[in-house]
Amino acid sequence: MTLSRRAATEAWRLLGHLKETLGHPRRASWAVRSRRCRQCLCFMRKMLAAVSRVLSGASQKSASRVLVASRNFANDATFEIKKCDLHRLEEGPPVTTVLTREDGLKYYRMMQTVRRMELKADQLYKQKIIRGFCHLCDGQEACCVGLEAGINPTDHLITAYRAHGFTFTRGLSVREILAELTGRKGGCAKGKGGSMHMYAKNFYGGNGIVGAQGQIFEAYNMAALWKLPCIFICENNRYGMGTSVERAAASTDYYKRGDFIPGLRVDGMDILCVREATRFAAAYCRSGKGPILMELQTYRYHGHSMSDPGVSYRTREEIQEVRSKSDPIMLLKDRMVNSNLASVEELKEIDVEVRKEIEDAAQFATADPEPPLEELGYHIYSSDPPFEVRGANQWIKFKSVS
């Protein structure tokens with residue numbers, strides 16, 4: 001119960017006592033009447049104090065609303081960002097950048113949405129509503145949101161698994177993503193792709209085969225030979241499944257792995273660093289200079305997948321230290337509040353709206369029907385007639401034509 005409600009309740013109680021006191025019989029003794037009058041005066045004083053508190057609380061609440069509504073925020077602010085490490089480049093991205101209030105609010109909402117979406121996916125998986133493989137990207141929100149902020153919607157993006165954040169920033173709704181995770185018809189791949197196979201316009205889904213990324217050096221070579229406008233990105237979250245990069249690689253300078261391809265090592269926990277580095281890399285490619293490589297140094301809070309608790313090869317203290325010092329959402333929030341681009345209250349309102357959006361999407365993802373069995377072979381070919389898969393439907397009888 002709020003202070004104003006408690007004060008109002010107290011006032012009504014005192015009014016009741018006052019009514020009872022004033023209704024005393026006329027024939028009562030002088031001492032009784034005197035005592036009751038004193039009680040009446042006491043009750044009246046308390047009642048007036050309670051009413052005063054109610055009015056004061058309402059006045060303060062109204063004043064605070066006026067204060068928030070009339071507050072003048074800055075339109076933009078300039079921030080220093082960490083300098084990128086360079087490979088085969090004479091100059092790199094700028095070390096200062098301007099963030100507008102509009103962009104800051106947009107980035108905050110997007111990162112918070114990705115974070116909450118991944119936490120909801122964790123919950124649904126533990127409830128066995130999501131099945132199979134599920135790779136979460138909470139902690140790495142600055143990578144997908146910052147990358148999208150640095151390219152054009154018409155640019156093409158191909159990613160490996162841990163693709164939920166990229167799927168969202170490429171334009172799909174939380175509903176479509178969660179419904180895909182739960183295997184429902186309303187999913188972005190009709191419920192048949194799951195965590196590692198999501199698609200959107202100019203977004204070519206996750207790649208669930210780890211070995212399929214093994215041809216990276218051949219791709220480097222061909223891209224360099226043909227001077228393709230391609231940005232190769234390594235999201236270095238410090239662990240390959242359960243093995244730290246220090247144990248797995250003799251050299252952890254992944255931004256140099258392109259050898260003859262220029263490279264950047266970027267603070268992947270800072271959305272502004274990622275945005276500026278992506279803009280730089282995109283401009284480099286568009287100018288006809290060929291491919292470039294970016295290593296985004298980031299961190300995942302969850303394990304490699306939902307089957308990995310994530311604490312057998314690293315300590316809880318390590319995870320907590322990253323959360324407390326380098327969390328991408330916290331870093332952006334502090335910058336915006338300290339530079340008068342937004343207020344704490346305004347960002348809290350965004351948090352509430354995001355939570356509601358996620359809850360609504362989760363309700364849809366659990367209530368939407370699963371695709372029927374006869375659609376199992378659909379969307380394999382572009383032709384309209386369904387493609388019959390041997391063994392997928394036990395009622396279909398195939399005959400030899402030889």
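The values are calculated or read from the model by the stated rules, or taken from the named source; none is laboratory data. Quantities reported herein were computed from a predicted structural model and do not represent experimental measurements. As a convention, Cβ positions derive from the backbone with ideal geometry for all residues, glycine included, and neighbour counts pool all protein chains shown. For the accessible areas, the whole protein counts, side chains as well, though only heavy atoms, and no ligand, DNA or RNA atoms are used. Shrake-Rupley method; radii C 1.70, N 1.55, O 1.52, S 1.80 Å.
When you go through Leu332, Leu296 one by one, which is the residue that is within 24 Å of Thr78 (Cβ to Cβ) and outside any helix (DSSP H, G or I)?
After applying the criteria, what remains is Leu296.
Among the residues that make up segment 106-114, is at least one of them under 30 Å from Cys285 (Cα atoms), part of a helix (DSSP H, G or I), touching a helix residue (DSSP H, G or I) at 6+ places or on another chain (Cβ under 7 Å) and open to solvent by 20 Å² or more (accessible area, probe 1.4 Å)? For segment 106-114, residues under 30 Å from Cys285 (Cα atoms), part of a helix (DSSP H, G or I), touching a helix residue (DSSP H, G or I) at 6+ places or on another chain (Cβ under 7 Å) and open to solvent by 20 Å² or more (accessible area, probe 1.4 Å): present. Pairs meeting the criteria (first residue in segment 82-107 and within 23 Å of Arg257 (Cα to Cα), second residue part of a loop (DSSP other than H, G, I, E, B) and of a type in the set (A, V, I, L, M, F, W, C), beta carbons under 6 Å, at least 6 apart or on different chains) are Lys83/Val95; Gly92/Cys84; Pro93/Cys84.
Of the residues contained in segment 162-175, one or more are found to be more than 23 Å from Pro371 (Cβ to Cβ), part of a helix (DSSP H, G or I) and among the aromatic types (Phe, Trp, Tyr).
For segment 131-155, the tally of residues that are without any contact (Cβ under 8 Å) to a residue 60 or more places away in the chain and buried (at least 20 other Cβ atoms within 10 Å of the Cβ) stands at 2. What number of residues in segment 225-269 are over 30 Å from Asp334 (Cβ atoms), in contact with a Gly (Cβ under 6 Å, 6 or more places away or on another chain) and surrounded by 13 or more Cβ atoms within 10 Å (Cβ to Cβ)? Qualifying residue count for the region: 1. Among the residues of segment 345-361, write down those that are within 15 Å of the chain's Cα centre (by Cα), under 21 Å from Ile129 (Cβ atoms) and of a type outside the set (Lys, Arg). Answer for segment 345-361, where residues must be within 15 Å of the chain's Cα centre (by Cα), under 21 Å from Ile129 (Cβ atoms) and of a type outside the set (Lys, Arg): Val354, Glu357, Ile358, Glu359, Ala361.
Every listed requirement among (1) open to solvent by 10 Å² or more (accessible area, probe 1.4 Å); (2) part of a helix (DSSP H, G or I); (3) within 14 Å of Tyr199 (Cα to Cα) is met by Leu178 save one, (1). With the structure loaded, tell me whether Gly214 is in a loop (DSSP other than H, G, I, E, B) and small (Gly, Ala, Ser) or whether it fails that test. So Gly214 does not fit the description; no.
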